[in-house]
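> Got a structure for you, questions after.
The values are calculated or read from the model by the stated rules, or taken from the named source; none is laboratory data. Note that this is a predicted model, so its numbers are computed, not measured. When we count neighbours, we look across all protein chains shown, and the Cβ atoms used for this are built from the backbone with ideal geometry, even at glycine. Heads up: the accessible areas ignore ligands, DNA and RNA and are worked out on the full protein's heavy atoms, side chains in. Shrake-Rupley method; radii C 1.70, N 1.55, O 1.52, S 1.80 Å.
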Amino acid sequence: MTDTDVFHPAVFARGVPHEALRHLRDHEPVSWQAEPAVGEWPAGPGFWAITRYDDVRWVLRTPEVFSSSLGATQIRDADAEDLPFIRRMILNMDPPEHQRVRTLVTGAFTRRRLERFSAAVAERAAALLDAVVADGRCDLPAQVTDDFPLTNLAELMGVPASDRHLLLKWTNRVIGYQDDEHSGDTQVVRDVNGTPVNPRSPAMLADMFAYAGELADHKRRHPADDVMTALVEARVDGEALTDTELQMFFFLLTVAGNDTVRTALPGGVLALVEHPGEYRRLRADPGLLPSAIEEMLRWHPPVLTFRRTAAQDVTLQGVDIAAGDKVVVYHVSAHRDERRFPDPFRFDVGRTPNEHMAFGQGPHVCLGAGFARLQMRAFFTEFLTRLPEVELDGEPRRLTSNFINGLTSLPLRWARPA
């Protein structure tokens, strides 16, 4: 078995371990990874790391073999008593239950509803960039890109402006718990045995679930043209989402809907800054923006990994995987696989085709991908026109996480306008 560590969050805090992942793709595409304790968080049983593009895609497309429900979708095992509740999130469902819920919620994400927000999204991007342009420098996440998707998402969901700060608090609690500087007001809570309680557990998110229930009740009494109203009104053959399913979908939207774009925007900017020739090429030809956005998503996928659990004994790349084993797919490795992408370590704003998996594959492909692309298109349109060419003004800081490919600091500078 390999001794190449692609598990520990601190490894990713130093930068995506691309050379280690390339070694695994070439020599051990299905490798056993130990799961040692991380700070306060206890050790786990270990898992199989899947690093080649075709294998990642196959795992994601075969829920009958690789289940989202058996152990949920995070590397760290959920507590056994929490699993029944966690499985009520669409992300942690298998067919046919997954298809039932997906059919119910798909109607909330119509093209008409998303496009209705496009002008406001563009105006918001312009205002955030205009607020920093005269300074000649900024820390992009803190001053621009943390607020942008959060406000867009809150408006889409129908969350009152006075409550929107709560979405960021809950997101940081769930996504940043491995990162001391990013976890916000999160305190380590221990059970009677002194073991830290998983921040994703129902007990630690009771305030968010209670809020989701109150918001759903409000939308029943005061419907509007927003996603939460559409979710509470959704019916298929007379069947609606249960209260728990509504709460869990609010959880998914709050965290995934916010952090995907929050991560992709500074990641895309950093890719441009580190490749000035491609940056100038895009500035000279804005018509390349659609392909550039797809290349940003390939180069810096918001999600590093996702977990499945083997539902049956299976052999992959000559390796026997037993029913019940954890299987973790590495999107960030698949996107640099030479077997799929010509010259994958070259950032190319005109790359086509570009079949990345930043928004997933198979039955769990992201419902919000259209809104994420809309926001990226609006932001980069304004970024390329309102700011001169930017460069780094210090070292970026990465989120300590083996799940989210986050940047918590990206200092930039540019020539101040006359």
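> Can you tell which of GLY406, GLY350, GLY360, GLY394 is open to solvent by less than 30 Å² (accessible area, probe 1.4 Å) and more than 24 Å from THR305 (Cα to Cα)? Spell out how you get there, then give the answer.
Values: GLY406 fails: more than 24 Å from THR305 (Cα to Cα); GLY360 fails: more than 24 Å from THR305 (Cα to Cα); GLY394 fails: open to solvent by less than 30 Å² (accessible area, probe 1.4 Å).
Checking each option against the conditions leaves just GLY350.
> Checking ALA49 against (1) hydrophobic (A, V, I, L, M, F, W, C); (2) open to solvent by 60 Å² or more (accessible area, probe 1.4 Å); (3) part of a strand (DSSP E or B), which test does it fail?
Here ALA49 meets the rest and fails (2).
> Give me a count of the residues in region 100-118 that are open to solvent by less than 60 Å² (accessible area, probe 1.4 Å), out of contact with any Ser or Thr (no Cβ under 9 Å at 6 or more places or on another chain) and assigned to a helix (DSSP H, G or I). Talk me through it step by step, then tell me what you get.
Taking region 100-118 as the starting set, the residues that turn out to be open to solvent by less than 60 Å² (accessible area, probe 1.4 Å) are 100-102, 104-105, 107-110, 113-114, 117-118.
Narrowing the set further to residues that are out of contact with any Ser or Thr (no Cβ under 9 Å at 6 or more places or on another chain) leaves 100-102, 104-105, 107, 109-110, 113-114, 117-118.
Next cut, assigned to a helix (DSSP H, G or I) only: 100-102, 104-105, 107, 109, 113-114, 118.
So the answer is 10.
> Those residues that are assigned to a loop (DSSP other than H, G, I, E, B) and in contact with a strand residue (DSSP E or B) (Cβ under 8 Å, 6 or more places away or on another chain), I need them from region 1-41; list them, please. Can you show your working first?
Going residue by residue through region 1-41, those that are assigned to a loop (DSSP other than H, G, I, E, B) are 1-8, 14-17, 28-29, 34-37, 39-40.
MET1, THR2, THR4, ASP5, VAL6, PHE7, HIS8, ARG14, GLY15, PRO29, GLU35, GLU40 - these are the residues of region 1-41 that are assigned to a loop (DSSP other than H, G, I, E, B) and in contact with a strand residue (DSSP E or B) (Cβ under 8 Å, 6 or more places away or on another chain).
> While we're here: Name the residues in region 265-301 that are among the charged types (D, E, K, R) and under 22 Å from the mean Cα position of the chain (by Cα), would you? Give the steps one after another, and end with the answer.
Of all residues in region 265-301, those among the charged types (D, E, K, R) come to 274, 278, 280-281, 283, 285, 294-295, 298.
Those that are among the charged types (D, E, K, R) and under 22 Å from the mean Cα position of the chain (by Cα): GLU294, GLU295, ARG298.
> What helices (runs of 4 or more DSSP H) completely inside region 238-296 contain at least 3 residues that are closer than 13 Å to GLY350 by Cα and either of a type in the set (D, E, K, R) or touching a strand residue (DSSP E or B) at 6+ places or on another chain (Cβ under 7 Å) (or both)?
Counting at least 3 such residues, we get 276-284.
> Another question, then. Given the structure, is HIS23 open to solvent by 30 Å² or more (accessible area, probe 1.4 Å) and closer than 20 Å to HIS335 by Cβ? Break it down stepwise before answering.
Details: open to solvent by 30 Å² or more (accessible area, probe 1.4 Å): yes; closer than 20 Å to HIS335 by Cβ: yes.
Spelling it out, HIS23 is indeed open to solvent by 30 Å² or more (accessible area, probe 1.4 Å) and closer than 20 Å to HIS335 by Cβ.
> Filter region 164-212 down to the residues that are open to solvent by less than 20 Å² (accessible area, probe 1.4 Å), at pLDDT 80 or above and outside any loop (DSSP other than H, G, I, E, B) and list them by number.
So the first thing to find is which residues in region 164-212 are open to solvent by less than 20 Å² (accessible area, probe 1.4 Å), and the list is 167, 170-171, 174-176, 179, 183, 196, 198-199, 201, 205, 208-209, 212.
Then keep just the ones that are at pLDDT 80 or above; that gives 167, 170-171, 205, 208-209, 212.
Residues satisfying the conditions are LEU167, TRP170, THR171, MET208, PHE209, ALA212.
> Shifting gears a bit: Can you report the number of residues in region 136-163 which are of a type outside the set (S, T, N, Q), touching a residue at least 12 places away in the same chain (Cβ under 8 Å) and in a helix (DSSP H, G or I)? Don't jump to the end; show me each part of the working.
Of all residues in region 136-163, those of a type outside the set (S, T, N, Q) come to 136-142, 144, 146-150, 153-161, 163.
Filter again for touching a residue at least 12 places away in the same chain (Cβ under 8 Å), leaving 136-142, 144, 146-150, 153-159, 163.
Filter again for in a helix (DSSP H, G or I), leaving 140-142, 144, 147-150, 153-157, 163.
So the count comes out to 14.
> Against the definition (modelled with pLDDT of 90 or more and under 30 Å from GLU391 (Cα atoms)), how does VAL132 come out, yes or no? It would help to see each step written out before you state the result.
Values: modelled with pLDDT of 90 or more: yes; under 30 Å from GLU391 (Cα atoms): yes.
So VAL132 passes the test.
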